[in-house]
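The values are calculated or read from the model by the stated rules, or taken from the named source; none is laboratory data. Since we're looking at a predicted model, the values are computed, not measured. With ideal geometry, Cβ positions are generated from the backbone for all residues, glycine too; neighbour counts draw on all protein chains shown. Side chains are part of the model used for accessible areas, which takes the heavy atoms of the whole protein and leaves out ligands, DNA and RNA. Shrake-Rupley method; radii C 1.70, N 1.55, O 1.52, S 1.80 Å.
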Amino acid sequence: MSAQSLYPGIYETDPEIAELCALENERQATSIRLIPSENYVTSAVLEATGSVLTNKYSEGYADKRYYEGQAHIDAIEKLAVQRACALFGADHANVQPYSGSPANLAVYTALLEPGDLIMGLSLPHGGHLTHGWKVSATGKFWTSTAYEVDPETHRLDYDAIRKQALEERPRMIVAGATAYPRTIDFSAFRSIADEIGAYFLADIAHISGLVATGVHPSPVPHADVVSTTTHKTLRGPRGGMIMCREEFAKAVDRAVFPGLQGGPHNHTTAGLAVALKEASTDAFANYSRAIVDNAKLLAGALKDEGFDLVTGGTDNHLILIDVVKTTNDAVAGKPFAKALDRAGIVANYNTVPFDQRKPFNPSGLRLGTPAVTSRGMGDVAMVFIAKAMREVLDNLENETVLERIRNEVFDLCKVFPAPGL
Ligand code: DSN
């Protein structure tokens, strides 16, 4: 569709931006999106995020605002909070964080003193910048130490984490990951935190949709605080959310506003409320199960094609390929990701545990199934993807082969239209 028909309002004012939006729409419609942190929101979520709510300032919380005219905004935020608490079984939810990084910053601001020790999963082992990594503000304003995955299995080793925690005595232990393909045992983290009197934060950004539907065990009964983004497996708008026990509610709310943020993005809050309603349906529970089924199918098909997978497979939505190991050192993650992109398959290069290479040109490739599952793709598509990825790996510089695969991807995408586009 033309930019003019897709975005008539933008087109009238700014055809250049309308064209770029239309091109992005086309790219999302016609490529296989395997970045595990991305998804397609529904038209309902899109409408909410594009609504007039973007016009309103609402510093404060429902019934306690610093601006007038909040009748409808308060109702929307209350619904989002109620739906979050009901869906996750949480005492309290703050739906105002602008995204996952501000959410984590707010948790540390709420519960820690500057300089306190945070212990999170090492970034190159699958953690996140905001779990105390040194280049992040969370590693500058607080001190930090990182636990790693087991050198043999590449899985979390709870005995080793416990031993390190007893030695280093962090004030907060963080569980959660951006590149860990296995189930996380949140109760084990709770026991470790209890032994040393530490707070326990579970960052479920990647898996919150799976947690909401019981497809991954929930940290809510175990963690003091649970943070998440809202746009990954949860399939909501770009945003963040914090859930916590009642005893931490005031501190968390104060840290978000006025501690770190100004007015909440009300259009995002409305989109989140809609997404949380969608996530409470049977259809969404089926969708979550299908994400994991597809990930397991894709992992099996990739192994059949000779790919080396970190931990040998997956329990969740995410797969990490060791490209360097797969190719006996011939190809790294970045050139593979770039060739895949030219063939219409979009993933991202990523470190693998104990990577000998630098993060900007690492050994691995990270992929996931939330977005393709939103399109309704299943077993046949997963086998197609694995075979196509093998062909790309064997033909990195062969533009004729990449172009043929690009056309096959295009045809497959036509059979599985993406929601919201
Ligand atoms: N950028 C997100 C991801 O891709 O996992 C984490 O913040």
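Note on the stretch 112-167: Rg/Rh from Cα positions, Kirkwood definition for Rh, rounded to two decimals, is 1.00.
Residue separation of C85 and A71 scaled by 0.36 nm, minus their Cα-Cα distance, works out to 2.9 nm of gained length. Relative protection proxy for 410-417, 33-40, 314-321, 386-393, from highest mean packing down: 314-321, 33-40, 386-393, 410-417 (other beta-carbon atoms within 10 angstrom). A probe of 1.4 angstrom, applied to the heavy atoms of all protein chains, finds H125 with accessible area near 10 square angstrom. Summing charges over neighbours of S37, with a neighbour being any other residue whose Cβ is under 15 Å away from its Cβ, gives +3 when K and R count +1 and D and E count -1. Within the P(r) computed for the stretch 230-283, what percentage of the Cα pairs occupies the region above 18 Å? Beyond 18 Å sits 44 percent of the P(r) for the stretch 230-283. Rg/Rh for the stretch 1-99 (Cα atoms only, Rh after Kirkwood) is 1.07.
Using the crude model of +1 on Lys and Arg Cβ and -1 on Asp and Glu Cβ, and no other charge, please compute the dipole size for the chain relative to its Cα centre, in debye to 20. If you can, show how the numbers build up before the last one.
On the way: 39 positive and 50 negative charges, 31 e Å.
That gives a dipole near 140 debye.
If you plug the beta carbon distance of I35 and K414 into 1/(1 + (r/R0)^6) with R0 = 25 Å, you get a FRET efficiency near 0.75.
Annotation: Cα Rg of the chain relative to the compact-globule expectation 2.2 N^0.38 Å equals 0.99. Under the definition of Cα pairs under 8 Å and six or more residues apart, what whole-number percent is the relative contact order of the stretch 1-144? Answer for the stretch 1-144 is 10 percent.
Whole-Hz Karplus values for the stretch 253-263 come out as 4, 5, 5, 5, 9, x, x, 10, 10, x, x Hz, taken residue by residue from phi with 6.51 cos²θ - 1.76 cosθ + 1.60 and θ = phi - 60°; glycine and proline positions read x.
Compute the Rg to Rh ratio over the stretch 266-421 from the alpha carbon atoms, using the Kirkwood formula for Rh, and round to two decimal places.
Ratio of gyration radius to Kirkwood radius: 1.01.
Tell me the carbon and sulfur percent of the accessible area for the chain, rounded to whole percent, probe radius 1.4 Å.
53 percent
When the C-alpha to C-alpha distance is required to be over 18 Å, the pairs from K140/K358; K78/K250; K78/K277; K134/K250; K303/K387; K134/K163 that qualify are K140/K358; K134/K250; K134/K163.
Beta bridges assigned by DSSP with both partners in the chain are antiparallel in approximately 55 percent of cases. Which Cα, out of S31, A290, F189, lies furthest along the positive dipole direction of the chain (beta carbon charges, K/R +1, D/E -1)? About the Cα centre, the residue reaching furthest to the positive side is F189. Here r is the Cβ-Cβ distance between A160 and Q356 and R0 is 25 Å; the resulting FRET efficiency, rounded to 0.05, is 0.70.
Of all DSSP bridge pairs formed entirely within the stretch 128-263, close to 40 percent run antiparallel. Taken about its Cα centre, the stretch 34-103 carries a charge dipole of about 40 debye when Lys and Arg each add +1 at the Cβ and Asp and Glu each add -1 at the Cβ. For the stretch 284-319 versus the stretch 374-421, the inter-centroid distance based on Cα atoms is 16 Å. I76 sits with roughly 40 Å² accessible to a 1.4 Å probe, with DNA, RNA and ligands left out of the calculation.
Here the sum of -39500 (n - 2.57) over DSSP H runs of 4 or more residues, divided by the residues of the chain, equals -13500 deg cm²/dmol at 222 nm, to the nearest 500.
Would you mind getting me the FRET efficiency between K140 and E168? Use the beta-carbon distance for r and R0 = 30 Å, nearest 0.05. Display every interim value, and only then the final one.
Working: r = 18 Å, r/R0 = 0.61.
The calculated FRET efficiency here is 0.95.
For the chain, the residue among P419, G368, H206 whose Cα projects farthest onto the positive side of the dipole built from Cβ charges is H206.
Computed log10 I(q)/I(0) for the stretch 41-81 at 0.14, 0.20, 0.26 Å⁻¹: -0.34, -0.65, -0.93, from the Debye equation with unit scatterers placed on every C-alpha and solvent omitted. Computed with a 1.4 Å probe over protein heavy atoms only, the accessible surface of the chain comes to 42 Å² per residue. About its Cα centre, the stretch 202-295 has a charge dipole of approximately 220 debye under the convention of +1 per Lys or Arg Cβ and -1 per Asp or Glu Cβ, with nothing else charged. Size of the stretch 83-235 from its Cα atoms: along the principal axes, largest to smallest, the extents are 40, 34, 27 Å.
Does a label point 7 Å from the Cα of D282, set along Cα-to-beta-carbon, have any residues of the stretch 208-227 with amide nitrogen under 17 Å, and which are they? Output list for this probe position: 213-214.
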